[in-house]
């Protein structure tokens, strides 16, 4: 009984078969559609007229994919959330629930910004990798702590990572108000600016200087490939997945579960740290409170929506980036506040995480598979 | 899990021995720290005002010679620490650690106040007020985790309670606003219950989603509607109600008996929850569901119904606690105004070892840290307030890791129950 629930839990969490069309396609698509419809309901309830709702969703689409500038914004917003989600997905695969991506992003961003303004006179090819590495290292350490605590003492990673998120927020507020991070001459919490030699180069300024897309998206795609390779093509990745699917079996097979936990968490933290670094080195050029924009929490949704598969995570990340970028357009064009996007995103999490709910609400959408498999 | 499987009596003894020694070293380190920092750097007397303007019986000020007091405490702490290395110390280890930490906090206060004046009663009053949402948040977690439903969504439930309280309170008055907040909180609890019990969503994911949803919805309505219609965000505030006779007592009267209904309500709710969980048949059943749902089911307890009821009632408590933010203090809703208080409630639950009174005690400590943070600015101490704000979180990690004592959740905590 116990084994059964354990493996079932692991199955629903992460390892959905690659060929399960229902889980991979129908549930996510339905989830997005239903969340958008309910978002319309929320707008209606707050006095937005029906034509305005149509206009809002048109603006949402226009601002995310309607033009080159829109696509640039979408991909810019997709990069950090995808990077952090890759780390969370890795954790899901290994049976770990890393809620701490937000905190890991924060410390990663702070480390990257510090490295970014501290070293004068370095060439870009040295300084930029240095700043990125600083971010990854800080994130990795911040995540390895709960990993080590879990491995050594059994402390649950959900509680420890929540606490580390909150500690990271306080740490930001302290560090940004004090030297050496605070921008000289300022009294509000804001960091010194990253030197040009540590900034992620803008990719599309040769077309239009206003396009913000930076090299972070290239790093993101590289990381998607790297995580795919790690998960499905290496022994280490096999051990990750085995530990997630059936921890006792993995242990009996001689895998060192404690070490695996720490390594998974450290890699996840490095990815989240990279996400934070991407934000400060590529988009903002400095750090201020809340510079992550909550991407660490949205990343949980992205990892779920992407079914913990690197490619799925990339697609889900682009969707969330599109919602962010389009949301800004929606606010400007249709006067609907961007906070609506947060509602839609949280509804997407609920629906993706509740296939049973979707099945109960939309039985017709699931008929195809049930018939083919001879009913359920 | 692995620890439980291999832990025989020998292991337990060893773990206990190690813990005793860790506490010993900790107390000695604390003694050194108090002597070097708070003893050597304190000049003059610390004056604590006990009376507030308008008191019936005006108590004189409490004057403490700063340096001598801190040195005495440091010596006492060193003695406590040394005691840990003697035989038989394990039994009282956590008691002495508690006393030691309390004394260390007093030395900090004395050091910070040295040569200045400081209203102790005012601070205790603020402590109680600030403990209310934390203690109730801890109770929300306790109620649902006792039936094995992990509730990460406390923060979101508080936020929706605060929001509902402000809007309905503005339209229909404070009492109706309070009732509406409780109902909406209950609905949030019911939603969490439906997701995790009926639709078997992962409990952590459901909690995260509830937090994001509540934050998103309240922020959206606030910026979309309330910024235009200010009259919707202008709720009456429940004032202080004096308890006859008791409110006249010095210090205690001010701190405990001249508060608003949220403080009294919290006390009643916590007492009722304790009675329910530990002294009634249904409380016993609820705990059985949290420890061993299969066994409870075999005995004819409806596991799903018990879980639904507890989680929903927990949500109602969260709604009441959320209303404190608006109807109990400022009368106005601001975006994300709960500001992590729900998560501190979660920490209080762990500290309180899944017991309502324990959560209350932890909440008082956290409330103290919270109000101390406000006063530090007044006292102009060199300690950044952020570090005090971090303290509860760090302490929670230490506790969860079992470095000093171990907090053990209900056995089935976080596991869905699937009836065959």
_To make sure I understand, if each residue's beta carbon is the centre and we count other beta carbons within 10 Å, what order do A:53, A:261 fall in, fewest to most?_
A:53, A:261
*For chain A, state the average projected area of the convex hull of the C-alpha atoms over all orientations, rounded to one decimal in nm².*
21.3 nm²
*Which value, in Å³ per residue, describes the convex hull spanned by the Cα atoms of region B:217-326?*
154 Å³
_Segments A:201-208, A:35-42, B:180-187 sorted - mean Cβ within 10 Å per residue, highest first_ = B:180-187, A:35-42, A:201-208
*What does the average come to when, for each residue of peptide A:37-43, you count the partner chain Cβ atoms lying within 10 Å of its Cβ?*
1
_Taking region B:137-400 and dividing mean pair separation by its residue count, relative contact order in percent (alpha carbons under 8 Å, at least six apart)_ = 34 percent
_Of B:95, B:226, B:360, the one that fluctuates the most in a GNM where chain B has Cα springs shorter than 10 Å_ = B:95
*Based on the alpha-carbon gyration tensor of region A:82-306, what equivalent-ellipsoid semi-axes (square roots of 5 times the eigenvalues) come out, in whole Å, largest first?*
32, 20, 14
_Within region B:28-58, list the residues whose amide N lies under 13 Å from a label point set 7 Å along Cα→Cβ of residue B:85._
B:28-29
_Could you work out the relative contact order of region B:131-203? I mean the mean sequence separation of Cα pairs under 8 Å and 6+ apart, divided by the number of residues, in percent._
25 percent
*Between residue A:37 and residue B:281, what is the spin-label point distance in nm, taking each point 7 Å from the Cα along the Cα→C-beta axis?*
4.6 nm
*Can you check how the C-alpha radius of gyration of the protein assembly as shown compares to 2.2 N^0.38 Å, as a plain ratio?*
0.97
*Summarise the partner chain shielding of B:383-392 as one whole number: the mean count of Cβ atoms from other chains within 10 Å of each residue's Cβ.*
4
_Just to confirm my numbers, what's the Cα centroid distance between region A:147-223 and region B:370-385 in Å?_
28 Å
*Roughly speaking, what is the centre-to-centre gap between region B:200-236 and region A:229-288 when only Cα atoms are used, to the nearest Å?*
33 Å
*Under a GNM of chain B (C-alpha, springs under 10 Å), which listed residue has the highest mean-square fluctuation: B:218, B:298, B:121?*
B:298
*Would you mind estimating how fast region A:103-178 diffuses translationally, via Stokes-Einstein at 37 °C and 0.692 mPa s with the Kirkwood radius over Cα pairs, in µm²/s?*
246 µm²/s
_Under a crude label model (7 Å from the Cα following the beta-carbon direction), how far is residue B:302 from residue B:25 in nanometres?_
5.4 nm
*What does the highest-first list of A:294-303, A:101-110 look like by mean Cβ count within 10 Å?*
A:101-110, A:294-303
_Show me the three semi-axes of the equivalent ellipsoid for region A:145-277, from the C-alpha gyration tensor (sqrt of 5 times each eigenvalue), largest first, rounded to whole Å._
36, 24, 9
*asked:* Can you compute the label reach from residue B:99? Point 7 Å from Cα along the Cβ direction, backbone N cut-off under 19 Å, restricted to region B:18-56.
replied: B:20-32, B:34-35
*On average, how many beta carbons from a partner chain sit within 10 Å of the beta carbon of a residue in A:332-342?*
4
*Fewest to most neighbouring Cβ within 10 Å: what's the order for A:75, B:26?*
B:26, A:75
_Spacing of the two label points (7 Å from each Cα toward its C-beta) at residue B:59 and residue A:361, in nm_ = 5.7 nm
*Jot down the per residue volume, in cubic angstrom and as a whole number, of the convex hull over the alpha-carbon atoms of chain B.*
161 Å³
*Over all distinct Cα pairs, what is the inverse of the mean 1/r for region A:278-369, reported as the Kirkwood hydrodynamic radius in Å?*
15.0 Å
*Efficiency of FRET between residue A:208 and residue B:106 - r from beta-carbon atoms, R0 60 angstrom, step 0.05*: 0.40
*asked:* Kirkwood Rh over alpha-carbon pairs of region B:15-115, then Stokes-Einstein at 37 °C and 0.692 mPa s: what D in µm² s⁻¹, rounded to an integer?
replied: 225 µm²/s
*Considering only the protein assembly as shown, what is the antiparallel percent among its DSSP beta bridges, to the nearest 5?*
75 percent
*asked:* If neighbour count is taken as other Cβ atoms inside 10 Å, put B:237, A:219 in order from fewest to most.
replied: B:237, A:219
*Can you tell me which of B:198-206, A:158-166, A:250-258 comes out highest on packing, and rank the rest after it, using the mean Cβ neighbours within 10 Å?*
A:158-166, B:198-206, A:250-258
*Whole Å is fine, so just give me how far the alpha carbon centre of region B:129-193 lies from that of region A:294-348.*
27 Å
*Per residue, what volume in Å³ does the Cα convex hull of region A:98-139 take up?*
46 Å³
*Residue with peak Gaussian network fluctuation, chain A [Cα springs, cutoff 10 Å], from A:93, A:241, A:233*: A:233
*Take the Cα coordinates of region A:75-145, assign each an equal point scatterer, and use the Debye formula without solvent to give log10 I(q)/I(0) at q = 0.19 Å⁻¹.*
-0.79
*Contour minus Cα-Cα distance for residue B:411 and residue B:190 (0.36 nm per residue)*: 77.3 nm
*When only Cα pairs under 8 Å and 6 or more residues apart are kept, what is the percent relative contact order across region A:82-306?*
43 percent
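Bear in mind these aren't lab numbers, they're just calculated from the coordinates by the rules spelled out. Quantities reported herein were computed from a predicted structural model and do not represent experimental measurements. Positions of Cβ are backbone-derived with ideal geometry, glycine not excepted, and every protein chain shown enters the neighbour counts.
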